[in-house]
Amino acid sequence: MNQIEAYWGHFCDSEGIQNIHYKEAFQFGEKADLLAGLVVDGIKAATCSSFPLYELEGESLPEVGDYQIVLNSLDEPVAIIQSYSIEIYPFHEVPVDFALAEGEGTYEEWKEAHVAFFSRELSKQGLAFTEEMLTVCDRFKKVFPK
């Protein structure tokens with residue numbers, strides 16, 4: 001059993017959960033350790049993704065109730081989160097309270113970091129970032145460790 005599966009098993013055993021699977025194990029963007037630490041510390045409670053990248057990569061959108069395992073930069077599990085709200089907005093309409101729930105500073109800092117990140121990621125696919133780009137706004141709660 002690998003480290004991720006063992007971590008998931010420990011969570012399920014501690015919560016008395018059976019026959020439920022997690023959606024994915026992932027790192028947050030380019031600052032995996034910083035952002036994973038914000039989740040562990042209870043500061044980061046939301047994440048924003050590019051809707052066009054889900055389409056290009058053929059990935060299903062997150063759903064309310066999904067469990068996800070947060071990894072650090074070494075692909076080690078550090079937390080389990082559960083989505084409780086999924087909303088889609090054009091980037092320029094992402095609510096300020098959502099941006100602040102990402103725990104990465106002021107709204108202006110969030111916007112600057114996300115424009116840069118989305119621009120880099122979209123350019124790898126031959127796409128350009130626009131403020132009208134749809135974003136997937138996922139609010140979550142950390143469920144493990146407590």
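The values are calculated or read from the model by the stated rules, or taken from the named source; none is laboratory data. Note that the structure is predicted; figures quoted are calculated from it, not measured. Counting neighbours? That spans all protein chains shown, and the Cβs are built from the backbone with ideal geometry, glycine included. Ligands, DNA and RNA are excluded from the accessible area calculation, which covers all protein heavy atoms including side chains. Shrake-Rupley method; radii C 1.70, N 1.55, O 1.52, S 1.80 Å.
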Of the residues in the stretch 103-126, those that are of a type in the set (Gly, Ala, Ser) and in contact with a Leu (Cβ under 8 Å, 6 or more places away or on another chain) come to GLY103
Scan the stretch 106-128 and give yes if some residue there is within 25 Å of VAL78 (Cα to Cα), aromatic (Phe, Trp, Tyr) and without any contact (Cβ under 8 Å) to a residue 24 or more places away in the chain, otherwise no.
-> yes
Can you confirm whether the stretch 19-27 contains a residue that is touching a residue at least 40 places away in the same chain (Cβ under 8 Å), open to solvent by 50 Å² or more (accessible area, probe 1.4 Å), aromatic (Phe, Trp, Tyr) and not in a strand (DSSP E or B)?
-> yes
Within the stretch 28-44, count every residue that is open to solvent by 40 Å² or more (accessible area, probe 1.4 Å) and within 23 Å of SER60 (Cβ to Cβ).
-> 1
Selection over the stretch 32-48 where residues are within 24 Å of ASN2 (Cβ to Cβ) and either assigned to a loop (DSSP other than H, G, I, E, B) or in contact with a Ser or Thr (Cβ under 7 Å, 6 or more places away or on another chain) (or both) yields a count of 2
